[in-house]
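Colleague: Got a structure here, written out as structure tokens. Questions coming.
Coordinate-derived values only; no laboratory data. Keep in mind that what you see is a predicted model, and the values were worked out from it rather than measured. We place every Cβ from the backbone using ideal geometry, glycine too, and count neighbours over all the protein chains shown.
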Amino acid sequence: DELMLELFFAVILPALGSAILFNLGSSTGGTDIIAMYLQKFAKMKFSTGILLADSCVVLSGLLVIGFGVGSGADREAVEGGSWLLSFYSLITIYVSSRVLAYVIDGASYDKLLFIISENHHAELRDFIIEDMDRSGTYIKGKGMYTDQDREMIFVVVSRKEVHLVQNKVREIDPKAFMVVTDAYETFGEGFKQFPDKDTIQAVG
């Protein structure tokens, strides 16, 4: 009777098993085949295709079970509960698609940093190159309010390195401006290699 515990095992274990198969280029013979076609022909991410295909199945079932198609006894047995179970199914499908993305592509998304500092670029550059063993790019821009030319530092770091950069920027230039955003996929030296044309990519 532990519904949440059942959902946990119904999500984690099948998703882990499916991810292993997908990494080997195989499938479970279910809706993941539809997801593979969506990825190949609609250029849709694999996990998004899984979410879409499974959601269509659940919503189709909801139209039948939720509105009580069948005998009077059938309608009384499922009325009310069918809606709840269907929404539990949708939650399960969403979590399962995230687990697939987590396992296939990796959980630690990189972070994209944009840093604007007025007079401390040299110190930030030394920190990024020497201390972090990273590289970055200067992007030329102009302040909208001041109308002055500015150079913005563009750098990609791992999630665990963000706080390190934040602390160092605050130490070097407390007046600096810094934006942190997700970089869901980073390809190139120091990060992932570019995937082959038909490689399954789970993030979406």
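Colleague: Checking the table 140/168; 45/140; 111/175; 43/111; 111/168 against a 26 Å threshold on Cα-Cα, which pairs fail?
Modeller: Values: 140/168 22 Å; 45/140 33 Å; 111/175 21 Å; 43/111 24 Å; 111/168 16 Å.
Over 26 Å Cα-Cα: 45/140.
Colleague: On to the next question. At 7 Å along the Cα-to-beta-carbon direction for both residue 41 and residue 26, put a label point, then send me their distance in nm to one decimal.
Modeller: 2.6 nm
Colleague: Calculate the FRET efficiency for residue 59 and residue 159 from the Cβ-Cβ distance with a Förster distance of 41 Å, rounded to the nearest 0.05. Can you show the working numbers first?
Modeller: Values: r = 34 Å, r/R0 = 0.83.
The value I calculate is 0.75.
Colleague: Which one, 101, 137, 152, is farthest towards the positive end of the dipole of segment 93-155 when Lys and Arg carry +1 and Asp and Glu -1 on their Cβ?
Modeller: Final value for the positive-end residue is 101.
Colleague: Between residue 180 and residue 144, how high is the FRET efficiency from 1/(1 + (r/R0)^6) when r is the Cβ-Cβ distance and R₀ = 25 Å? Nearest 0.05.
Modeller: FRET efficiency, residue 180 to residue 144: 0.75.
Colleague: Please label the shape of segment 107-171 as rounded, prolate or oblate, based on the square roots a ≥ b ≥ c of the eigenvalues of the alpha-carbon gyration tensor (a/c under 1.5 means rounded; beyond that, a/b larger than b/c means prolate, else oblate).
Modeller: Working: a/c = 2.10, a/b = 1.67, b/c = 1.26.
Judged from the Cα gyration tensor, segment 107-171 comes out prolate (a/c at least 1.5, a/b above b/c).
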